[in-house]
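The values are calculated or read from the model by the stated rules, or taken from the named source; none is laboratory data. The structure displayed is predicted, hence computed values, not measured ones. Glycine gets a Cβ as well: all are built from the backbone with ideal geometry, and neighbour counts include every protein chain shown.
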Amino acid sequence: MTKATLRRIGLSLGADICWPICFEEILAALDLEIPVGKERIRFEVERVTIEPFDLRQPVAYDVILDRLTHWYHLSREWIKKAVLMDGAYVLNNPWSVQSMEKHTSYCAMIKLGMPVPDTMLVPPKEYEDQADLQVTLERYARFFDLEEIGACVGYPAFMKPFDGGGWVGVTKTENDEQLKEAYEKSGRLVMHVQQGIVPYDAFVRCVGLGPQTRIVSYDPSAPLHQRYQADQDLVASGTITEAEARLIRDTTLTINTFFGWDFNSCELIRKDGVWHPFDFANPCPDSQVTSLNVHFPWVVLSKLRWALFCAATKRPMHMNLDWAPYFEIADRDVPYEEKLAAYGTYARTRLDAERFAAFDAEHLGHLDEVAREFFGGDRAKEAVRLKVQAIFPEHEWDEFTDYFWARIQTWREASS
C-alpha cells in the first residue's frame with residue numbers, strides 16, 4: 001500500500017490558549033487519511049517557535065494559521081519568507097495585514113459603494129521629534145477647527161485611531177468639548193472622527209473564515225465575556241431576515257477577499273433599514289472562549305475545516321491583491337444591492353466555496369460528531385479553565401469556568 005503523504009499545519013501563536021488545544025485534540029481524534037487525486041493525505045499540527053532562521057532554510061508547513069505576526073516583526077518576516085520561498089498558505093495574507101489598516105479598508109469599501117459612516121482623518125495632536133519635523137510643520141501644517149469637523153460629521157461622533165483594534169483609544173463624543181478633550185488625549189495617534197450611527201436597532205458582528213460565516217448579535221457596551229450574544233441563529237429567531245443575512249455575508253466576504261483575509265470579522269449596524277459596515281479591518285479577530293462563549297466551538301471547527309481543505313488541496317496563496325474585478329462591478333450602472341450580490345458571488349468563487357463544500361461533505365462529515373464528544377470531555381474543560389486562569393482573578397476561576405463551560409454545552413445541544 002502506498003505510504004500516505006503528510007501535510008503539516010503550523011499554529012503561529014501568541015497568548016492563545018484554549019482554541020489551539022481544542023484544534024490539536026480534535027484533529028488527533030479525527031485521525032484522518034483521505035484520498036486527494038492519486039495521493040492519500042494525512043495531517044499533522046505543530047506550534048511554530050520563534051527563533052533565528054536562515055532565509056534559505058525550508059519551511060516545513062503547508063498551511064500556517066497565523067495569530068502572531070500582527071504584533072511581532074520577526075514572526076511576520078518569517079511568515080512572509082514562508083509564503084514567498086516555500087509556497088506556504090497563510091491565514092492571513094501578511095502583507096495585507098501589515099498595510100491595510102482601518103483607514104484603507106474604509107476608503108476601499110466606500111469606493112465599492114458600501115454605506116460606510118462619514119469619516120474624517122485628522123493630524124496627530126503630537127509628533128515624535130525627528131529631523132526636519134519643525135520645518136515641515138511650519139511649511140505645510142495648517143490650523144484646523146475641530147468644531148467644524150464635529151459639525152461636518154455630526155454628533156455623536158467617535159474619535160478613534162485610524163488603525164489598531166480592540167477598542168483601544170476609542171471615545172464616543174456628544175459635543176464639541178468632548179471631541180476636543182478626546183483629541184487632547186490622543187497624543188501621537190493619528191485619529192479618525194467618525195459619524196455615530198445612532199440610534200440603531202441592530203448591531204451584528206459577522207465572522208468570516210474562508211467561505212464560512214457566522215452572524216452574531218453583538219453588544220459593545222457589555223463586559224467582554226457577554227458581548228457576543230447567545231442566539232445562534234438570528235434568522236430563525238427573527239432578528240434578521242434571510243435577505244439581510246445574505247447582505248451581511250456578502251459584505252463580509254467581499255471585504256475579506258478584497259484584502260486577502262481568510263479570517264476576519266465585520267461589524268455592521270442597522271439604522272432605518274440600512275446596514276452600515278463601520279468596523280471591518282479585524283484580521284486578528286476574537287478566537288478565545290472567554291469572549292466568544294457559545295460561538296467558540298464554531299470558530300475552532302471552521303479553522304479546522306478551512307486549514308484541512310487548504311492543506312489537502314495545496315490551495316495556492318494569493319500573494320498579490322487583485323482589485324480590478326471589484327472595481328469593474330463598482331462601475332456598473334446598477335443599484336448597490338445588485339453590486340453587492342455580484343461582489344459576494346465573486347468572493348465565493350475566489351474562496352472556492354463550492355469545492356470547499358464538496359470536500360467538507362466528502363471527508364469531514366464526522367467532524368461535528370467528534371467535536372461534540374470532545375467538547376463534552378475533561379480535556380476541553382481543562383482548556384477553558386486554563387484560559388480563564390490567564391485573564392480572571394483566582395477567586396473567579398470556578399465561576400467563569402462553569403459559565404463558559406455551560407455555554408459550550410448549549411452549543412453541543414443545539415448542534416446535535
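Just checking, which of Ala151, Ala182, Ala157, Ala108 is closer than 30 Å to Tyr336 by Cβ, touching a strand residue (DSSP E or B) at 6+ places or on another chain (Cβ under 7 Å), at pLDDT 90 or above and among the small types (Gly, Ala, Ser)? Spell out how you get there, then give the answer.
Values: Ala151 fails: touching a strand residue (DSSP E or B) at 6+ places or on another chain (Cβ under 7 Å); Ala182 fails: closer than 30 Å to Tyr336 by Cβ; Ala108 fails: touching a strand residue (DSSP E or B) at 6+ places or on another chain (Cβ under 7 Å).
Matching residue, one of Ala151, Ala182, Ala157, Ala108: Ala157.
Please verify whether segment 352-361 includes one or more residues that are in a helix (DSSP H, G or I) and under 30 Å from Val274 (Cβ atoms). Can you show your working first?
Of segment 352-361, the ones in a helix (DSSP H, G or I) are 353-361.
Filter once more, so that each one left must be under 30 Å from Val274 (Cβ atoms): 353.
Yes, that holds for at least one residue.
List, please: which pairs have Cβ atoms under 8 Å, are six or more places apart or on different chains, and start with a residue in segment 25-50 that is among the aromatic types (Phe, Trp, Tyr) and end with one that is at pLDDT 95 or above and not in a strand (DSSP E or B)?
Pairs that qualify, where the first residue is among the aromatic types (Phe, Trp, Tyr) and the partner is at pLDDT 95 or above and not in a strand (DSSP E or B), are Phe43/Leu27; Phe43/Leu32; Phe43/Leu308; Phe43/Ala311; Phe43/Ala312.
With (1) surrounded by fewer than 19 Cβ atoms within 10 Å (Cβ to Cβ); (2) over 18 Å from the mean Cα position of the chain (by Cα); (3) at pLDDT below 95 as the list, and Glu242 as the residue in question, which single condition is left unmet?
Failing condition for Glu242: (3).
Restrict the check to segment 143-164 and report whether at least one residue is within 17 Å of Val116 (Cβ to Cβ) and small (Gly, Ala, Ser).
yes
Sort through Leu292, Leu301 and tell me the only one that's over 14 Å from Val384 (Cβ atoms), in contact (Cβ under 8 Å) with a residue 24 or more places away in the chain and either of a type in the set (Val, Ile, Thr) or crowded, with 22+ Cβ neighbours inside 10 Å (or both).
On the way: Leu292 fails: over 14 Å from Val384 (Cβ atoms).
Checking each option against the conditions leaves just Leu301.
Across segment 30-79, which residue is modelled with the highest pLDDT among those that are over 18 Å from Leu91 (Cα atoms) and basic (Lys, Arg)?
Arg42
Among the candidates Glu328, Glu337, single out the residue that is over 20 Å from Gly260 (Cα atoms) and outside the structural domain of Asp62 (by TED's automatic domain parsing). Don't jump to the end; show me each part of the working.
Values: Glu328 fails: over 20 Å from Gly260 (Cα atoms).
The match here is Glu337.
Taking the criterion of being of a type in the set (Asp, Glu), more than 20 Å from Pro211 (Cβ to Cβ) and in the same structural domain as Asp231 (by TED's automatic domain parsing), would at least one residue in segment 306-325 satisfy it? Outline the logic, then answer.
Taking segment 306-325 and keeping what is of a type in the set (Asp, Glu), we get 322.
Going one step further and asking which of them are more than 20 Å from Pro211 (Cβ to Cβ), we end up with none.
No, segment 306-325 has no match at all.
Give me the residue from segment 218-250 that is touching a Lys or Arg at 6+ places or on another chain (Cβ under 8 Å) and outside any loop (DSSP other than H, G, I, E, B) and, out of that set, farthest from Lys172 (Cα to Cα).
Filtering first and then ranking leaves Glu244.
With segment 1-102 as the region, which strands (runs of 3 or more DSSP E) entirely inside it contain at least 2 residues that are under 23 Å from Arg305 (Cβ atoms) and within 22 Å of the chain's Cα centre (by Cα)? Talk me through it step by step, then tell me what you get.
Numbers: elements: 5-12, 34-36, 39-47, 63-66, 89-91.
Those strands (runs of 3 or more DSSP E) span 5-12, 39-47, 63-66, 89-91.
Given the condition outside the structural domain of Thr257 (by TED's automatic domain parsing), over 30 Å from His276 (Cβ atoms), part of a loop (DSSP other than H, G, I, E, B) and modelled with pLDDT of 95 or more, answer yes or no: does some residue in segment 378-399 qualify? Break it down into steps so the answer makes sense when it comes.
Kept after step one, since they are outside the structural domain of Thr257 (by TED's automatic domain parsing), are these residues of segment 378-399: 378-399.
Subset that is over 30 Å from His276 (Cβ atoms): 378-399.
Now narrow it down to the ones that are part of a loop (DSSP other than H, G, I, E, B): 392-393.
From the residues that got through so far, the ones that are modelled with pLDDT of 95 or more too are 392-393.
Yes, there is a match, as at least one residue in segment 378-399 is outside the structural domain of Thr257 (by TED's automatic domain parsing), over 30 Å from His276 (Cβ atoms), part of a loop (DSSP other than H, G, I, E, B) and modelled with pLDDT of 95 or more.
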